[in-house]
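Working notes, beginning with the structure itself.
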Amino acid sequence: MDLLSHDILIIGGGLAGLRAALEAKKAGMDVAVLSKVHPLRSHSVAAQGGINAALDNVSAPVHDTWQNHAFDTIKGSDYLADQDAVEVMCREGIERVVEMERWGTLFSRTEDGKIAQRPFGGAGFPRTCYAADRTGHNFLHVLYEQAMGFNIPVYEEWYALSLVVEDGRCLGIIAFHLFDGRMIPIRAKATILSTGGYGRIYLRSTNAIINTGRGCYLAYQAGVPLEDMEFVQFHPTSLYGTNILITEGARGEGGYLINSLGERFMEHYAPKLMELGPRDIVARAIQTEINEGRGFENEYVHLDLRHLGKEKIMDRLPGIRQITIDFAGIDPISKPIPIQPAQHYSMGGIPVNIDGETPFKGLYAAGECSCVSVHGANRLGGNSLLETLVFGARAGKKAAINAKKEEEMKETFSFQHQCDLFQSSLNKILERKGEESCFRLRDEMKALMMDQVGIFRKESDLIAAKEKIKELKDRFKHIGLKRKELAFNNELIQYFELEGMLDLAETIVEGALARKESRGSHYRGDFPERDDEHWLLHTLAHKIPEGTKLEYKEVTITNYPPKARTY
Ligand SMILES: Cc1cc2nc3c(=O)[nH]c(=O)nc-3n(C[C@H](O)[C@H](O)[C@H](O)COP(=O)(O)OP(=O)(O)OC[C@H]3O[C@@H](n4cnc5c(N)ncnc54)[C@H](O)[C@@H]3O)c2cc1C
């Protein structure tokens, strides 16, 4: 058995993973990054609109502060965010953004040369720093360049199959080399999961195809509960047809939402903030317009940018213009964009403290796969990039501090044992002559989650969804793979992805069924009000042989007592 070793192993080459890698490397550790795609293909590269930080660069009647940012974030979260974590993010975020500038991010600028900031949903101040509408692209290239500068090795196109855990301590992982189908154990004093979100559980999603949540599943399968999985964000504006994201920056720059009667309908839903209400409220408003017959073709409404003028669109939203021309044949300079809500972000994930530590020793998580929880029941646009940098850095730092205290790694029985187990289950999967197709089951799951566990939820739908997930999990055992070879076997990888997605879907459904209130992105038509008396709680979903068992834990409140949320 080949056994590779590193002090710190980071699973995921997106912003959270690379930022963690840099921090751990600077602390003098032997660090490696492992990613199923080239790091520059991570979903972080697609981030458009920008990153929030109270830089206070834009003149306004009042000055912006990190405390204002914290308040907006907590209110946006419908008071489910842990307030100590939000305070850390908003305070340290300023330094993280400035550091990205120093490392070479091509931020858009104000007239006097400062980092430009645009208004974003649910924010009381123009706080979102941006590089036109390609912020993630800029950031990821900058961090990758830094990682290369420090000679951090990257296992590219390697897939993390499982965690190796002994007595509640993570010792490393079993990896699968996609190129030649070898199974290779990698041990580490610290393993950091930064594997991104699980948007692809839903039919309509702005997420990359690779966003399947396997990292969350690895932790869940090993015995770590998952937190707040029922909170799934739908972005108000995805391009009708392909569901490619049309950034909130388009509304930040002044875009209008218009129904088929020609009305700016947001005045009925968020009269003060209008199109810049928080995402949960705007997404529900759009879907309500469509459901009540005021959409176009019963499918979409219009996002109108025409009044912004050619110059502003070309300068501030060039990527959006290109996307709508390429994928819808529409130039937003002269025509409105057809948009509809689509799944966008996973608020739930692996529970961590503000240093990225999970309940297991030696296991850390950061970025979208984690739940720290700064977004609570609804994330504000621009806060996710910030989370990846702030908590990626913190996780890398803490992992390095703890790993330094560790003794030398010993050979353990677990690696050989787990490799043998995986090898024999792999052989069985490949030999099976089942009739079910992995792709068919995946499509049924996606449609189910979209129709019955989407923007609007109710008990009867959720009960039906629970039954259907059980059925799909049962049929999963009868999948027969057509391709039997191991090298670049995409069908086999899809099989592993689906295995994880079905379990995650179950935690979403169970959490949503149990939570008899409406909060943030979780809207129950049969319980339309927020209920702080009974439900100001985080959900923890544990994996048990029969499915999922739910527990709850308190929300951390520091300086911002819950109150009614109006915009
Ligand atoms: C279209 C779009 C636009 C967005 N725009 C913004 C924005 O403007 N502002 C904002 O704040 N947020 C935005 N977001 C959200 C934000 O971009 C993401 O939440 C964030 O970039 C996630 O970063 P990450 O490092 O956690 O994960 P990712 O960037 O998703 O990276 C995950 C990594 O994990 C690896 N991986 C996963 N599973 C495995 C496995 N089993 N084995 C090996 N490797 C694995 C992948 O290869 C990848 O490298 C946007 C999201 C989308 C989808």
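Here is how the numbers come out for the structure above:
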{"item": "Radius 15 Å from Cβ of S460, net charge of other residues (Lys, Arg +1; Asp, Glu -1)", "result": "+1"}
{"item": "Enclosed volume per residue, in Å³, of the convex hull spanned by Cα atoms of the stretch 338-479", "result": "174"}
{"item": "Whole-angstrom gap from the stretch 156-176 to the stretch 224-287, using each part's C-alpha centre", "result": "38"}
{"item": "Derived scalar couplings ³J(HN,Hα) [the stretch 365-381; Karplus, 6.51 cos²θ - 1.76 cosθ + 1.60; whole Hz; x for Gly, Pro]", "result": "8, 8, x, 5, 6, 9, 9, 9, 10, 9, 9, x, 8, 7, 8, 7, x"}
{"item": "Between 0 and 90°, nearest 10: helix 459-476 axis offset from the chain longest Cα axis", "result": "30"}
{"item": "³J(HN,Hα) computed for each position of the stretch 342-352 - Karplus, 6.51 cos²θ - 1.76 cosθ + 1.60, integer Hz, glycine/proline x", "result": "8, 3, 9, 8, 9, 6, x, x, 6, x, 9"}
{"item": "Helix-only [θ]222 nm of the chain, DSSP H runs n ≥ 4, -39500 (n - 2.57) each, per residue, nearest 500", "result": "-11500 deg cm²/dmol"}
{"item": "In Å, descending, principal axis extents of the Cα set of the stretch 417-567", "result": "58, 34, 29"}
{"item": "DSSP-loop chymotrypsin sites (Phe, Trp or Tyr not before Pro) across the stretch 117-159, with at most 16 other Cβ within 10 angstrom", "result": "F150"}
{"item": "Inter-part distance where the stretch 20-90 and the stretch 385-447 are each reduced to a Cα centre, Å", "result": "25"}
{"item": "Residues of type lysines that K466 reaches as a straight line, Cα spacing below 22 Å, ignoring anything fewer than 8 places off in the same chain", "result": "K446, K458, K477, K516, K543, K549"}
{"item": "Normalised per residue, the volume of the convex hull around the Cα set of the chain (Å³)", "result": "144"}
{"item": "The stretch 288-440: relative contact order in percent, alpha carbon pairs under 8 Å with at least 6 residues between", "result": "15"}
{"item": "Burial ordering of T110, T412, T507, fewest other beta-carbon atoms within 10 Å first", "result": "T110, T412, T507"}
{"item": "Nearest 10 degrees, 0 to 90: helix 83-102 Cα axis against the chain principal axis", "result": "90"}
{"item": "Quarter of Cα convex hull surface for the stretch 122-271, i.e. mean projection, nm²", "result": "13.5"}
{"item": "Long-range amide H partners of L161 with built H, under 5 Å", "result": "I174, A175, F176"}
{"item": "Ascending count of other beta-carbon atoms within 10 Å, so fewest first, for M266, M409", "result": "M409, M266"}
{"item": "The stretch 311-374 - Rg and Dmax from Cα coordinates, angstrom", "result": "19.5, 56"}
{"item": "Using alpha-carbon coordinates, inclination of helix 438-452 to the longest axis of the chain, degrees", "result": "40"}
{"item": "Charge tally in the Cβ shell below 14 Å around D167, where Lys, Arg are +1 and Asp, Glu are -1, D167 excluded", "result": "+2"}
{"item": "Ranked L472, L171, L143, criterion: other C-beta atoms within 10 Å, fewest first", "result": "L472, L171, L143"}
{"item": "Amide H contacts under 5 Å for Y155, placed H, 5+ residues apart", "result": "V33, L34, S35"}
{"item": "Rg/Rh (Cα only; Kirkwood hydrodynamic radius) as it applies to the stretch 450-529", "result": "1.13"}
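Read-outs: derived from the displayed coordinates by stated rules, not from any lab. These numbers were taken from a predicted model, which means no experiment stands behind them. Note that we place each Cβ from the backbone using ideal geometry, even for glycine, and neighbour counts take in every protein chain shown.
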